[in-house]
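**Q** Here you go, one structure.
Coordinate-derived values only; no laboratory data. Worth saying up front: this structure is predicted, and the values here are computed from it rather than measured. Here Cβ is always computed from backbone atoms with ideal geometry, including for glycine, and neighbour counts include all displayed protein chains.
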Amino acid sequence: MSIEDCKLVEFPKITDVRGNLTFIEGQRHIPFDIKRVYYLYDVPGGSDRGAHAHRGLEQVIISMAGSFDLLLDDGKKQKKFQLNRSYHGVYVCPMTWRYLDNFSSGAVCMVLASAAYDEADYIRDYATFSAETA
């Protein structure tokens, strides 16, 4: 897979004067079954998150509140997304370095993952990532 496989995904949005509703179904709106959900919040201004890649894990990253930037890198090309709508997400394929920054006050980042946590799947050093993607 390459950076071209990482793309913005729009989820269904049901509008209502009482408030909007969005839903996400694995294998329908995203290309995997959801095995884990986690979220980042209370990220201090000026801080960043991510700065790693996964060998096999697929993810969808969503801004549930506020905004932040997502920079993706496949070792050859980079792609940047600004996430600020809860009905948009970015599909992140395996072997893609991800870096999140520019968090607004009150931002909440939710991540849908294709597998349970596995430390062995992480690549936390960019030089190692570069060598594995060369």
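**Q** Kindly provide the helix-only [θ] at 222 nm of the chain, computed as the sum of -39,500 (n - 2.57) over DSSP H runs of four or more divided by all residues, to the nearest 500 deg cm²/dmol?
**A** -1500 deg cm²/dmol
**Q** Something else: Between region 103-125 and region 10-79, what is the separation of their alpha carbon centroids in Å?
**A** 9 Å
**Q** Restricting everything to alpha-carbon atoms, can you work out Rg to Rh for region 3-133 with a Kirkwood hydrodynamic radius?
**A** Rg/Rh for region 3-133 comes to 0.97.
**Q** Count the net charge of all other residues whose Cβ sits under 11 Å from the Cβ of residue 85, scoring Lys and Arg as +1 and Asp and Glu as -1.
**A** 0
**Q** What does the net charge come to around residue 73 if you take all other residues with beta carbon closer than 11 Å to its beta carbon, with K and R at +1 and D and E at -1?
**A** Taking every Cβ under 11 Å from that of residue 73, the sum is +4.
**Q** On to the next question. Specify the residue with the greatest mean-square fluctuation among 69, 118, 48, computed from a Gaussian network of the chain linking alpha-carbon atoms under 10 Å apart.
**A** Highest fluctuation among the options: 118.
**Q** Local charge sum around residue 130 (other residues, Cβ-Cβ under 11 Å, Lys/Arg +1, Asp/Glu -1)?
**A** That sum, taken over residues with Cβ under 11 Å, equals -3.
**Q** Sticking with this structure for a sec: Using only alpha carbon pairs under 8 Å that are at least six residues apart, calculate the relative contact order of region 3-133 and give it in whole percent. Walk me through the numbers on the way to the answer.
**A** On the way: 308 pairs, mean separation 45.9, N = 131.
The value is 35 percent.
**Q** Here's a follow-up. Let's see if you can work this out: charge +1 on each Lys and Arg Cβ, -1 on each Asp and Glu Cβ, no other charges. What is the dipole magnitude of region 3-133 about its Cα centre, in debye to the nearest 20?
**A** Around 340 debye, computed over region 3-133.
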